[in-house]
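Everything below concerns the one structure shown next.
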Amino acid sequence: MLGEMLGDIIQESMGPEIFDRLESIRRMSKAAHSGDDKEHRKLVETLRNLPDGEILPVVKAFNQFLNLANTAEQYEGISTHGRAAVNPIDFEKIYRKLKEGEVSEKQIQEAISAVSINLVLTAHPTEINRRSLINKLNEVNACLHELDHDDLVDYEKQQIHRRLKQIIAQYWHTDEIRKNRPTPVEEAKWGYDVIETSLWEAVPAFIRELDEQMQATIGFSYPVDARPIQFTTWMGSDRDGNPNVTAAVTSQILLKSRHRAASLFLKDVQVLVTELSMSGCTEGFRQLVDSDTQEPYREYLKILRKKLQRTIQYLDARLAGRPTDITDIITKTEELWDPLYACYQSLVASDMSIIANDHLLDTLRRVRCFGITLVQIDVRQESTRHTEALSELTRYLGLGDYESWSEDEKQAFLVRELNSKRPLIPQNWNPSADTKEVLDTCQVIAGTPHEAIAAYVISMTRTPSDILAVHLLLKEAGTPYILAVAPLFETLNDLNNAKTIMEQLFSVSWYRGVISNKQMVMIGYSDSAKDAGAIAAGWAQYRAQEALIEICQHQGIMLTLFHGRGGTIGRGGAPAQAALFSQPPGSLQGGLRVTEQGEMIRFKLGLPKVAVSTFIHYFDAILEANLLPPPVPKDEWRVVMDKLSTISCEEYQGIVRGNPDFIPYFYQATPEAELAKLPLGSRPAKRRPNGGVESLRAIPWIFGWSQNRLMLPAWLGAGKSLRQFIAEEGIGVLETMYSDWPFFKTRISMLEMVFAKADTRISEYYDERLVEEHLLPLGEYLRSQLKEDIKTVLEIAHDKSLMETLPEVAKSVAARNIYTNPLNLLQVELLYRSRVLESPSSVLEQAMMVTISGIAAGTRNTG
């Protein structure tokens, strides 16, 4: 239906000739996708001969169709049309499963009480669509919801159809691509918009429905102050390799998040002032207000409303840089919670629970989830920035060069200064700009309440001194609390060394004395996969988590593992349940903390009903993983994984690092250089502007290979290691691992999904048109490996075709490919005209950007 409407609008605005051309291309692509080589050649020839003036409308049409298809599919996932209403929350189902596993009621209730889901929204530049277009797609979704009723009369249907067509027309006539990169503040605003338009409604809706089902099933519900879900953000606070995120920017986003929270809570309180007109209350509550008032709740909440209004005025002045003498504002979440909870307790005690448990309870749930800061932030910085700052300081003080000291010398110095009562940094010191920025960031943290900042994450953590250094810098800034400092282990070596580093750190008595037996550790999925390939990285991540769980249990420390996953397989992405079950037993005892990145925020959290579905997937998976944990791998399986890891890593690194043709091939066979021009996010594509592929961030690395449909980072080395193992030791143990071990099964299943999106014929066309002749054998080798890998994976899974056990997903991927493939072929043509013919124009550049956007929409993964 949406496709037909888009077609009508294209015909009206571009004329029948363009529309007929589009239909012809679509039919050829469909036939080609079904295996008709003659139609494929005809399609290639047609697209190669498209005049410059026709390319943009063609790529725009296919891109917009794919985005509308994604919207339709997302709606289909939450629609109840034509079938009995399906509640995404089904507590009785998970309860039956737990009882079948002989889990007691007490264990279930304790596990429910301990569930902690912390979703960390990051500004990683993988969301291609402009916010204005996302809003239009959300409007399309709303119209589909209105249509989804059997009792509509004809004129009502016509009105909704007319509105749908108007929105799609707006979409067609709007530029898809931003002209400028978003600033970190704009990225943060986008995150706040997701909270306001989706999560604000979804969180209380999820807890309310879950509570009702738990009460009916086991007589248990969450207490009013429970916080099973919370949100953190990196938007405007992740400065690792992003010079645009400064201390001033972080300070600004902290104010803006408070402002948005105050505005949202003001709306909630206004609703409560309108609704809570009843007079009955407890004697204790009566004492909080004028004893003569007929409407005690209204009077009491009007005081809170006024305070929220003053808070907004105060924050307006701060954001505008104006001095202000406004006082009596809300500075702590308790100042919002206490009056609302007092109303709740009085209503319940006055036999009005039905009223207390409506909008008031929803607002209390929001206060617990979001607080007065809306979201907490993590501050992230690379370890070398702290080392360089301390080196500059020690040189200035005449103490030597901190950077050149041994690890023992560094630790001795840091612990001595952490225990010292005197300041280390002199007041009259004028450090370099980079060091000043590090110190200014610590000053921002010191001046911010603890409830606003969750953790300081150190990327590229290599030694215990990396963690102690941050603690010292925060102490010197005058931070009045101990902030959680989380090491991030992200390369293969770092993952393998994680246990040793943390054991050494826990042996430092100062450190053990301040962490209150709690430790957060972040596991990086992107860089380890880019460093060693998906199989070696996945096994290193598993073993690092096992080791960390073991030492923390031994030391009596509650470990929270923080998973830095992306949306793609090459960056650790997988369906929620599969991802959680592929982790070691015990990895979720400290709660789930995971990044939600880029376009995945929209796909998983962008609409209230979709967000509720995401929450329950996480909730069920955490309960099951903690109460019915996956099996501990057998020693035999560990030996197998060690072998697979070694072989796959050698193959991966042998090609990526050892083959001198690889880097020029990568740059020629993918649109990586063109991707850098796409104004996706505030962060540069490379950590070091002059570095090679090793300095390229994981996101453009994955993005480039997904564009040419080779999907190389997700599979390179995996199939070869499996084939070599089968040749030497047979397939039997791999089949057993696939059927009995969720970790291994998830690896194989995710390879199947990647292979379904890959297309060797498309990749070959990129090479044919864009790659120098002496580099072509490398592409041929990689495609031959991909074809062999597909056979190997199907053999292990006992599948006749890819994703045989997920027919709906396979159907969805196949349907999209019909529209994605022409975009790939046109991208090749545009790259050829730009690079080889050197005839770039603003229209062709725009068309290039739209092909990148469309292919991302078609594969549903960018980075």
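For the reader, a short list of remarks on this structure follows.
- Calculated mean residue ellipticity, 222 nm, the chain: -20500 deg cm²/dmol, from DSSP H runs (n ≥ 4) at -39500 (n - 2.57) each, averaged per residue and rounded to 500.
- Taking the DSSP bridge list for the chain and keeping only pairs wholly inside it, about 5 percent are antiparallel.
- Around the Cα centre of the chain, unit charges on the Cβ atoms of Lys, Arg, Asp and Glu (plus for the first two, minus for the last two) sum to a dipole of about 1200 debye.
- Remark: region 356-422 carries 40 Å² of accessible area per residue (probe radius 1.4 Å; ligands, DNA and RNA excluded).
- Extending 7 Å from Cα along the Cβ direction at Met1 and again at Thr293 yields two label points whose distance is 4.8 nm.
- Nearest-20 debye value, region 1-93 charge dipole, Cβ charges on Lys, Arg, Asp, Glu: 260
- Taking the average, over residues, of other Cβ atoms within 10 Å as the packing measure, peptides 744-750, 412-418 rank 744-750, 412-418 from highest down.
- Taking a straight Cα-Cα cut-off under 20 Å and skipping sequence neighbours fewer than 8 places away in the same chain, the aspartates and glutamates within cross-link reach of Lys99 are Asp90, Glu110, Asp211, Glu212, Asp620, Glu624.
- Using the Cα coordinates of region 759-863, the gyration tensor eigenvalues translate into equivalent-ellipsoid semi-axes of 30, 20, 8 Å, sorted from longest to shortest.
- Per-residue extension of 0.36 nm, minus the Cα-Cα distance of Lys436 and Asp740, leaves a gain of 104.1 nm for this segment.
- Pairwise Cα inverse-distance average, inverted: Kirkwood Rh of the chain (Å): 29.2
- Surface calculation, 1.4 Å probe, protein heavy atoms: Asp290 sits at approximately 100 Å² accessible.
- The translational diffusion coefficient of region 755-818, from Stokes-Einstein at 25 °C and 0.890 mPa s with a Kirkwood hydrodynamic radius over alpha carbon pairs, comes to 185 µm²/s.
- For a straight C-alpha distance cut-off of 14 angstrom, the aspartates and glutamates reachable from Lys787 (same-chain residues fewer than eight places away being disregarded) are Glu752, Asp759, Glu764, Glu795.
- Computed on the chain, with alpha-carbon pairs under 8 angstrom and 6+ residues apart, the relative contact order is 17 percent.
- Pairwise Cα distances in region 694-835 exceed 19 Å for 57 percent of all pairs.
- Exceeding the 28 Å Cα-Cα cut-off - candidates Lys499/Lys604; Lys307/Lys475; Lys410/Lys518; Lys436/Lys530; Lys189/Lys518; Lys475/Lys530: Lys499/Lys604; Lys307/Lys475; Lys436/Lys530; Lys189/Lys518; Lys475/Lys530
- Debye intensity ratio I(q)/I(0), log10, region 463-595, q values 0.10 Å⁻¹ (C-alpha model): -0.32
- For the chain, the residue among Cys369, Ser383, Asn496 whose Cα projects farthest onto the positive side of the dipole built from Cβ charges is Ser383.
- Restricting the calculation to alpha carbons of region 624-664 gives Rg and Dmax of 16.9, 50 angstrom.
- For Ser404, the solvent-accessible surface with a 1.4 Å probe is about 90 Å², rounded to the nearest 10.
The values are calculated or read from the model by the stated rules, or taken from the named source; none is laboratory data. Since the structure is predicted, the reported quantities are computational estimates derived from the model, not experimental observations. So basically every Cβ, Gly included, is an ideal-geometry build from the backbone, and we count neighbours across all protein chains shown. Accessible surface is based on the protein model in full, side chains and every heavy atom, while ligands, DNA and RNA are left aside. Shrake-Rupley method; radii C 1.70, N 1.55, O 1.52, S 1.80 Å.
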